[in-house]
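J.: Got a structure for you, questions after.
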Amino acid sequence: MRVVVQGGGRRGRRAGLAGVLWAGAELAVTVGVVVLLLVVHQVWWTNRQALAAAREEVRELERDWALPPPPDRPDSGDSGGSGGSGPSVVPEASSASLSAGPSVPARGTAPRASAAPPVRESAYGVLRIPRLGVVVPVAQGVDKRAVLDKGYAGHYPGTAQPGAQGNFALAGHRNTHGEPFRYINRLRAGDELIVDVRGQRYTYVVGRTLAQTSERDTGVIAPVPRSTVRPEYGYDEPGAYITLTTCTPEYTSTYRLVVWGTLKG
């Protein structure tokens, strides 16, 4: 006797469709978890790593500065050099409180002649922003991986050294990798920016800010800083300046935010 089952094909198709939908849902959840982990790593973990490394670098510099200077040796020429072809605004650039640490013994109160640039991509100074609680190493160069991703402030090659006539220009991340410049938009005229190098302290006073400009606006880090995109922002007279640059808006690298200061006399 032959038995005929009605509707079996339709039920089979439904079961197959349900299996496909279930597999798709599992795949979507897996992808979502992976993306979430990547975001956590980029936004949270990189900050922890960079902040810890930056704190340790500040401590190392201050310990080194506390030691007696080495005996004078014959000049062997420039030990590093900037390695750059000239000023350019960095493609990409939380503020965390770091221990202020001991201050260096002397304070620079007037522009001095530029010394030979420090070794490329090495930390040689400390930037302190009291209003924001920021204490961050300053390194030569603005290479993303070698300097900025370490949570350092990077010194633009070709710009002045701390305390010198001209423009001591720095770049730093606004988001991820320590975020040292995340809140520089909160700086106001009169706030201090303190730069320590071995045996010297230079205090700059914030004067002007530029909330947004092009990433190619190299005028903001010129010796006399003035925006080439928005020329109503900047300075007209030679002096000893400091410039902080970072990305804006937050979590993008579309534009640049700029803060300028002048050396305190």
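The values are calculated or read from the model by the stated rules, or taken from the named source; none is laboratory data. If you're wondering where the values come from, they're calculated on a predicted model, not measured in any experiment. In this analysis, Cβ positions are derived from the backbone assuming ideal geometry, glycine residues included, and neighbour counts consider all displayed protein chains.
J.: Tell me yes or no: at least one residue of the stretch 34-45 is modelled with pLDDT of 75 or more, surrounded by 10 or more Cβ atoms within 10 Å (Cβ to Cβ) and on the phi < 0 side of the Ramachandran plot.
T.: No - not one qualifying residue is present in the stretch 34-45.
J.: How many of the residues in the stretch 63-83 are surrounded by fewer than 17 Cβ atoms within 10 Å (Cβ to Cβ) and either aliphatic (A, V, I, L, M) or at pLDDT 65 or above (or both)?
T.: Looking only at that region, the number is 7.
J.: Just one of Arg201, Arg230 is outside any helix (DSSP H, G or I), farther than 23 Å from His177 by Cα and touching a Gly at 6+ places or on another chain (Cβ under 8 Å); which is it?
T.: Exactly one of Arg201, Arg230 is outside any helix (DSSP H, G or I), farther than 23 Å from His177 by Cα and touching a Gly at 6+ places or on another chain (Cβ under 8 Å), namely Arg201.
J.: Please enumerate the residues belonging to the stretch 131-148 that are touching a helix residue (DSSP H, G or I) at 6+ places or on another chain (Cβ under 8 Å) and crowded, with 18+ Cβ neighbours inside 10 Å.
T.: Listed by number, the residues that qualify are Leu132, Val135, Val136, Pro137, Ala139, Val142.
J.: Quick one: how many residues across the stretch 224-237 are surrounded by fewer than 19 Cβ atoms within 10 Å (Cβ to Cβ) and either touching a strand residue (DSSP E or B) at 6+ places or on another chain (Cβ under 8 Å) or among the charged types (D, E, K, R) (or both)?
T.: 8
J.: Select from the stretch 165-202 the residues that are of a type in the set (S, T, N, Q) and surrounded by 19 or more Cβ atoms within 10 Å (Cβ to Cβ) and write down the one among them that is nearest to Pro238 (Cα to Cα).
T.: Asn167
J.: OK, next. Quick check on the stretch 180-194. Is at least one of its residues β-branched (Val, Ile, Thr), within 14 Å of the chain's Cα centre (by Cα) and at pLDDT 95 or above?
T.: Yes, the stretch 180-194 contains at least one residue that is β-branched (Val, Ile, Thr), within 14 Å of the chain's Cα centre (by Cα) and at pLDDT 95 or above.
J.: Name the single residue that is farthest from Pro137 (Cα to Cα) among those in the stretch 232-265 being out of contact with any Ser or Thr (no Cβ under 7 Å at 6 or more places or on another chain) and β-branched (Val, Ile, Thr).
T.: If we take residues in the stretch 232-265 being out of contact with any Ser or Thr (no Cβ under 7 Å at 6 or more places or on another chain) and β-branched (Val, Ile, Thr), then Thr254 is farthest from Pro137 (Cα to Cα).
J.: In addition: In the stretch 241-265, how many residues are over 14 Å from the mean Cα position of the chain (by Cα), in a strand (DSSP E or B) and polar (S, T, N, Q)?
T.: 1
J.: Is there a residue being crowded, with 24+ Cβ neighbours inside 10 Å and closer than 25 Å to Ala54 by Cβ anywhere in the stretch 209-219?
T.: No: zero hits.
J.: Give the stretch 127-160 a look and list any residue that's in a loop (DSSP other than H, G, I, E, B) and closer than 22 Å to Asp191 by Cβ, or say none.
T.: Pro130, Arg131, Leu132, Gly133, Gly151, Tyr152, Tyr156, Thr159, Ala160
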